[in-house]
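Everything below concerns the one structure shown next.
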Amino acid sequence: PPPGAPPSPPPPPAASAPAPADGKQQQQQQQRGVGAPVPRPAADPRTVKAFTDVSAAVIERKQGLAMALGLPKGTPLSAERYADLEAVMSLPKGKRLLLRALPKLLPEDFDSALTGLAALMVHMVCSALESPEHEAADAMLARSWAGWVSAMAPAPEAMATGDVSNVLCRLERILSALTASHEADILAALLSHPLGLECVQALVMRGEAERGAVAGAAAGLAGQVEAAAAEAAAAEAAGQAVPAEAADAVAAARARVEAWNATVAQWSATTERMAAIVDSAQAV
């Protein structure tokens with residue numbers, strides 16, 4: 001302060017945090033309602049019903065969209081089953097429609113759409129007419145299909161049960177649809193087309209990555225099964241009772257290993273069959 005001015009008052013002391021309450025104080029505070037958890041209000045039955053109705057309506061609309069696109073239930077391998085989908089793809093605006101519609105489908109119908117586009121891949125990557133509009137629509141749909149295949153996620157039920165072969169099994173059905181619905185010379189031509197090659201590469205590369213992951217998981221689980229079986233055999237040899245639950249768990253794990261290995265073998269067989277078809281066409 002300047003000379004002659006009164007001294008400035010000292011700053012106020014900093015506020016200190018309140019001391020933690022002891023057990024008795026906490027009990028008194030809880031009795032008064034201080035610090036007690038706030039109960040969550042019960043859900044309004046009308047709100048629950050409204051959400052349920054909206055969810056059912058959304059599912060119904062998604063199913064109607066799948067029907068409008070001509071998507072059969074399941075994963076049939078015949079291209080004839082997708083005649084309506086082929087008609088949608090006949091025009092550029094139909095392919096643009098598919099780009100917007102397919103991500104909105106239910107998971108099982110989306111899988112059916114991926115399978116159908118594989119069965120009709122020659123129509124997906126190459127329109128009957130040549131124009132900048134047709135070529136742009138071909139490229140958008142084909143590259144989107146390749147991206148969807150590359151990013152395929154396990155089904156929710158497979159994630160809940162720990163089924164690591166779910167994606168590989170679905171990819172194998174798509175590859176089977178591709179090979180079963182095209183003649184050898186058409187398959188060879190697809191691999192010579194830039195968009196066809198991009199789609200097939202995306203499918204095979206993702207499948208090979210899944211094949212390695214499933215084979216590794218099967219080998220790891222098989223080792224655990226053999227170790228558990230050896231422990232059970234040793235316990236029985238020592239006169240100890242083996243719980244039925246343990247024996248059932250070993251049997252279930254062994255069955256899972258066999259199923260995973262079967263899926264790996266099926267994928268390998270399908271890729272080998274496609275390679276043989278293409279080789280025979282190129283040799284002619």
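Values for this structure:
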{"item": "Residue-normalised accessible area of the stretch 207-284, given per residue in Å² at a 1.4 Å probe", "result": "58"}
{"item": "Loop-resident sites, the stretch 81-166, for GluC sites (Glu not before Pro), counting at most 12 other Cβ within 10 Å (DSSP)", "result": "Glu130"}
{"item": "Separation in nanometres of the label points that stand 7 Å from Cα toward Cβ, at Gln240 and Ala259", "result": "3.0"}
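The values are calculated or read from the model by the stated rules, or taken from the named source; none is laboratory data. Nothing here was measured: the structure is a model prediction, and the numbers come from that model. We place every Cβ from the backbone using ideal geometry, glycine too, and count neighbours over all the protein chains shown. Accessible surface is based on the protein model in full, side chains and every heavy atom, while ligands, DNA and RNA are left aside. Shrake-Rupley method; radii C 1.70, N 1.55, O 1.52, S 1.80 Å.
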